[in-house]
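The values are calculated or read from the model by the stated rules, or taken from the named source; none is laboratory data. Remember, it's a predicted structure, so these values are computed and weren't measured experimentally. Using ideal geometry, Cβ is built from the backbone for each residue, glycine included, and neighbour counts are taken over all protein chains shown.
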Amino acid sequence: MNKKEIKHIGVLTSGGDAPGMNAAVRAVVRTCAYLDVQATAIMHGYSGILNKEFVPMKAHSVSKVISMGGTILKSSRCLEFKEREYRAKAVENLREAGIDALVVIGGDGSFRGAHSLYTEFNVPVVGVPGTIDNDIYGTDFTIGFDTAVNTAVTAIDKIRDTADSHNLIFFVEVMGRDAGFIGLDTAISTGAEAILIPDYTTTVEELCRFLKHDRRQSKSSGIIIVSEGCRLGNATEVAAKVKEKLPEFETRVTTLGHVQRGGSPTSADRVLASVLGSEAVNALLNGWEDVMIGQKAGETVYVPLEDACYKSRTVQERKYVIARMLAI
Ligand code: ADP
Ligand code: F6P
């Protein structure tokens, strides 16, 4: 830890938006206001630093945003930021605006950008994990995950009505990039009959055997959760492979898609975002830099940004075993 004087903090959201990001921005701005630190919003992620899109924030600037989905700061995928010369330009712009430190709300890609600002230019940075995928090392939950799972569960409960009424096997694709967190919790919450996540391999033969199993004879319909990144392919491809082997099954496919990214955040996400956003400001003022603020077993933790960027995290094996046991 290296205590620098921090009087002015910039905050940005980057990468895929996630419900609860606004609650995190609000917490950063309000904590700054409470502690008499100037807060500046940087619009459109890292592009906003390059384009000097700086908006001074007061406590009232974030009124009523706690319940809003998306990000009021907007987000972007800024490819230039992967190049050092653009990061050097960004640092020049931050210094010109008098911004002493940055809070970056986003996923591991966004943290890589933040980590480089620290290692190359000594800019104090703190990351706040915001992504529906929940795939960030060092924290139990990321902002947006709980809302995304609840959105998927609400949708699948409705799909279940049609599946039951018409004796259909539905293949429902959920997001998660290459991680199975959304898939696993959604499968357990909806009582899905089968679950395909990237973390564990299932063959088509195994899936078909399971669907035809004696213990399942009483079931005439089913929900199969196919997580994005699943090794058997996307939901349409998996459905086609099963249909080829079990032509007697009537199948349908639903891809939930970006509906999982939007909407008003759940209470769990609002609380998580409020705590992490506020602790990010406190961390900077207390000399922390180049860390991500996370939560483990309900306690705030300070995770080296390098670990948050590069270490991977997979679903709990036991939870996966339980999901399968309960699916008979
Ligand atoms: P997420 O933060 O959700 O993982 P991305 O991977 O799209 O999303 O990253 C968001 C942004 O972070 C990118 O558009 C880019 O501006 C920046 N970024 C990603 N990777 C790097 C990197 N290796 N170096 C510098 N900046 C990066
Ligand atoms: O990281 C969040 C996420 O929604 C992933 O679950 C998904 O793979 C990806 O972003 C989709 O990104 P885009 O909207 O750019 O296609």
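Can you tell me which condition N282 does not meet? The list is (1) in contact (Cβ under 8 Å) with a residue 12 or more places away in the chain; (2) at positive phi, and all the others hold.
Every condition holds for N282 apart from (2).
Conditions (1) on the phi > 0 side of the Ramachandran plot; (2) of a type outside the set (S, T, N, Q), marked per residue:
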{"site": "G191", "(1), (2)": "yes, yes"}
{"site": "Y200", "(1), (2)": "no, yes"}
{"site": "T203", "(1), (2)": "no, no"}
{"site": "L211", "(1), (2)": "no, yes"}
{"site": "K245", "(1), (2)": "no, yes"}
{"site": "V259", "(1), (2)": "no, yes"}
{"site": "G262", "(1), (2)": "no, yes"}
{"site": "S267", "(1), (2)": "no, no"}
{"site": "L272", "(1), (2)": "no, yes"}
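Counting only residues that are under 19 Å from M21 (Cβ atoms) and hydrophobic (A, V, I, L, M, F, W, C), which one in the range 61-100 is farthest from ligand 2 (Cβ to nearest atom)? Lay out the reasoning, then the answer.
Applying the first criterion (under 19 Å from M21 (Cβ atoms)) to the range 61-100 yields 61-78, 81.
Next cut, hydrophobic (A, V, I, L, M, F, W, C) only: 62, 65-66, 68, 72-73, 78, 81.
Numbers: V62: 24, V65: 21, I66: 21, M68: 18, I72: 18, L73: 17, C78: 13, F81: 16 Å.
The qualifying residue farthest from ligand 2 (Cβ to nearest atom) is V62.
Could you grab me the full set of residues in the range 47-61 that are of a type in the set (A, V, I, L, M, F, W, C), surrounded by 17 or more Cβ atoms within 10 Å (Cβ to Cβ) and not in a helix (DSSP H, G or I)?
Hits for the range 47-61 are F54, M57.
If W288 satisfies every condition in (1) surrounded by 14 or more Cβ atoms within 10 Å (Cβ to Cβ); (2) part of a helix (DSSP H, G or I); (3) out of contact with any Asp or Glu (no Cβ under 9 Å at 6 or more places or on another chain) but one, which is the exception?
(2)
If I ask for residues that are in a strand (DSSP E or B), crowded, with 22+ Cβ neighbours inside 10 Å and more than 18 Å from the chain's Cα centre (by Cα), which ones from the range 12-39 would you list?
Selection gives A39 alone.
Determine whether the range 228-240 contains at least one residue that is β-branched (V, I, T), assigned to a helix (DSSP H, G or I) and either modelled with pLDDT of 95 or more or assigned by TED's automatic domain parsing to the domain that holds I132 (or both). Outline the logic, then answer.
Filtering the range 228-240 down to residues β-branched (V, I, T) leaves 236, 238.
Now narrow it down to the ones that are assigned to a helix (DSSP H, G or I): 236, 238.
Subsequent filtering for residues that are either modelled with pLDDT of 95 or more or assigned by TED's automatic domain parsing to the domain that holds I132 (or both) retains 236, 238.
Yes, some residue in the range 228-240 is β-branched (V, I, T), assigned to a helix (DSSP H, G or I) and either modelled with pLDDT of 95 or more or assigned by TED's automatic domain parsing to the domain that holds I132 (or both).
Every residue, every condition in (1) in contact with a Phe, Trp or Tyr (Cβ under 6 Å, 6 or more places away or on another chain); (2) in a helix (DSSP H, G or I); (3) under 18 Å from I182 (Cβ atoms); (4) within 15 Å of ligand 1 (Cβ to nearest atom), yes or no:
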| position | (1), (2), (3), (4) |
| --- | --- |
| T71 | no, no, no, yes |
| K74 | no, no, no, yes |
| V91 | yes, yes, no, yes |
| T119 | no, yes, no, yes |
| V123 | no, no, no, yes |
| P129 | no, no, yes, yes |
| T151 | no, yes, yes, no |
| A155 | no, yes, yes, no |
